[in-house]
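Beneath this line is the structure, given in structure tokens, with notes to follow.
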Amino acid sequence: AVEAVPAPMAMLKKKVEIVGIYSPVGRCMKTSLALTYGQLLAREHKVLYLNLEEYSGFTRLMDSEYKADLSDVLYLYRQGGYNWMKLKSMISNWGNMDFIPPVRYAEDLSQVAPEDMAQLIDRIARESGYDRLVVDVGQMGRGALPVLSMCNVVYMPVREDYISAAKIEEFEEYLEEADDAGVRDRIQKLRLPR
């Protein structure tokens, strides 16, 4: 007799699209794009938004304090106590979009290796039951590559000024040398209206 597949195992088989929002250029409306895109996606899909910035401003943007946030998720993950049921209790909602509130303390992000962050994102994608994960990658420097390699598509807001162009060029040179996961092919540059 064939046994019924338990619900968590059924979720593991579901293909989740991971959308990264990243730019080596500062002040390019990256987080505005991520939040807007997440809200638009949430009209038709079950969306979870993750913000990996050290200082997201979320508490003030949402005018809310949170009992649990990404700092707690990272702690559980490092201690081996992470599971979807625990994570589910830490999720908040904004409009149609769910999100894990960003870290309270910037140090919590620096204590996680980029590869571990990528594995955590992959695990959330596989176990959570969401259709889409929107990941606001933040300024992880060269550590962004493992996270970006988890993404099906990466939207990169860019600006037209000379300094921004130089940063993009330097980032692309780095990708040419270090990227073995095809991240370059998944990047779509966007010039956003002011």
Per residue, how much space in cubic angstrom lies within the convex hull of the C-alpha atoms of segment 113-178? 92 Å³
Report the GluC sites (Glu not before Pro) located in segment 108-194 that are in a DSSP loop and have at most 10 other Cβ atoms inside 10 Å of their Cβ, or state none. Glu160
Relative contact order in percent for segment 111-173 (Cα pairs under 8 Å, 6+ apart) equals 34 percent
Restricting to Cα pairs below 8 Å that are 6+ residues apart, what does the relative contact order work out to for the chain? Please round to a whole percent. 35 percent
Counting only heavy atoms of the protein chains, get the accessible area per residue of the chain (1.4 Å probe) and round it to a whole Å² value. 57 Å²
Would you check segment 5-154 for Lys pairs whose C-alpha atoms are within less than 23 Å, ignoring same-chain pairs closer than 8 in sequence, and give me the count? 15
Kirkwood estimate for the chain, i.e. one over the average of 1/r between Cα atoms, Å: 17.4 Å
Using a 1.4 Å probe on the protein heavy atoms, what percent of the accessible area of the chain belongs to carbon and sulfur? 48 percent
On each of the three principal axes the extent of the alpha-carbon atoms of segment 37-77, given in whole Å and largest first, is 32, 26, 18
Considering only DSSP beta bridges with both partners in the chain, what is the antiparallel share in %, to the nearest 5? 15 percent
Part-to-part distance (alpha-carbon centres) for segment 120-188 and segment 17-82, which is given in Å: 15 Å
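The values are calculated or read from the model by the stated rules, or taken from the named source; none is laboratory data. Not measured: the values here are computed from a predicted model. Glycine also receives a Cβ, built like all others from the backbone with ideal geometry; neighbour counts cover every protein chain displayed. Surface accessibility is based on the protein's heavy atoms, side chains included, excluding ligands, DNA and RNA. Shrake-Rupley method; radii C 1.70, N 1.55, O 1.52, S 1.80 Å.
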